[in-house]
Amino acid sequence: MSASFDFEGRIVLVTGACGALGSAVCEAFDAAGATVCGTDVVDVESEDSLLDPGIVDFYGGDFTDEGDVERVVDSIADAHGRLDALANVAGTWKGGQPIDETSLEQFDLLFDVNLKTAFLASKHALPHLRETEGSIVSVSARSSLSGGEGDGPYRASKAGIRLLTETLAEENRGTVRANCVMPSVIDTSENREMMDPKEEWVDPADIARVFLVLCSDATSPTSGAAVPVYGEA
């Protein structure tokens, strides 16, 4: 069984677009016919970017900075006249220390990149998404469901994504749907460098298709959900 999606005429904003998952989400929406607007602190032309610049309208911006967020979102709305979906993919992982050995700098980094970016993007996208009865999909994590040793601030920041998602769904019931996905370990080159690769790790392209599902009419009754994307892990 296969499924296809038609996002022709839809405008989609993807944060963290130059990373492994962000670029996969951009590719999935592009293949489905959407106009994809990608944003990242990484320049799309740099060697650190995994994104094909030919498939997106790229907007450089730091989404921990509200001024940058407002500028990018307004530029997209002005250029395209609408916004139909927001994919909050920007994020990072840091861990390895117990709480009493974790620096404030690392704590701030995790909450800024993982949670603050999603908050600010959602805040400024919502007025446009309400006009199109659009969707927001953010990235939480399986590990956010419980405490653990050595990566507490990461888990807490990703738990915040789930609560932000539930709040967005409640506050915008009937107008904007908000959901999040919860990966376990994503099969990326960075993760392969840090850990021994496992067959059970999830391909970013498979997670990207879940973004399509959650932004499509196939899940029109679904809002406020935290969707596991663990694969076999």
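Structure above, values below:
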read-out: Asp6 - accessible surface, heavy atoms, 1.4 Å probe, Å² rounded to 10; value: 120
read-out: Among Arg162, Arg173, Arg130, residue whose mean-square fluctuation peaks in a GNM of the chain (springs only between Cα atoms under 10 Å); value: Arg173
read-out: About the Cα centre, charge dipole magnitude for the chain (Lys/Arg +1, Asp/Glu -1 at Cβ), debye; value: 920
read-out: Charge sum, other residues only, whose C-beta stays under 15 Å from Ser2's C-beta, Lys/Arg counted +1 and Asp/Glu -1; value: -1
read-out: Positive dipole terminus of region 1-125, leading residue within Phe107, Ile11, Cys26 (C-beta point charges); value: Ile11
read-out: Anisotropy class of the chain from Cα gyration tensor, a/c 1.5 cut; value: rounded
read-out: Region 1-97 - percent relative contact order, Cα under 8 Å, separation 6 or more; value: 32
read-out: Trp93, Trp201, ranked by accessible area, largest first (probe 1.4 Å); value: Trp93, Trp201
read-out: Solvent-accessible surface (1.4 angstrom probe) belonging to Glu166, in square angstrom, nearest 10; value: 90
read-out: Quarter of Cα convex hull surface for region 79-172, i.e. mean projection, nm²; value: 6.5
read-out: For the chain: accessible area per residue (Å², 1.4 Å); value: 48
read-out: Max mean-square fluctuation residue, GNM over the chain, Cα-Cα springs under 10 Å, options Ser146, Ser157, Ser49; value: Ser146
read-out: Exposure of His128 as accessible area (Å², to 10), given a probe of 1.4 Å and all protein chains; value: 40
read-out: Within the accessible area of the chain (1.4 Å probe), percent carbon and sulfur; value: 47
read-out: Charge-dipole axis of the chain as Lys and Arg at +1 and Asp and Glu at -1 on Cβ define it, positive-most pick from Ser220, Val36, Thr117; value: Ser220
read-out: The chain: most fluctuating residue of Pro153, Pro204, Pro98 per GNM, C-alpha cutoff 10 Å; value: Pro98
read-out: Solvent exposure ordering (accessible area, 1.4 Å, most first) of Lys158, Lys116; value: Lys116, Lys158
read-out: Label zone at Ile99 (point 7 Å along Cα-to-Cβ), backbone N below 16 Å, region 143-172; value: 144-160
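The values are calculated or read from the model by the stated rules, or taken from the named source; none is laboratory data. Source: prediction; values computed, not measured. Counting neighbours? That spans all protein chains shown, and the Cβs are built from the backbone with ideal geometry, glycine included. When the accessible area is computed, the model is the full protein with side chains, heavy atoms only, and any ligands, DNA or RNA have been set aside. Shrake-Rupley method; radii C 1.70, N 1.55, O 1.52, S 1.80 Å.
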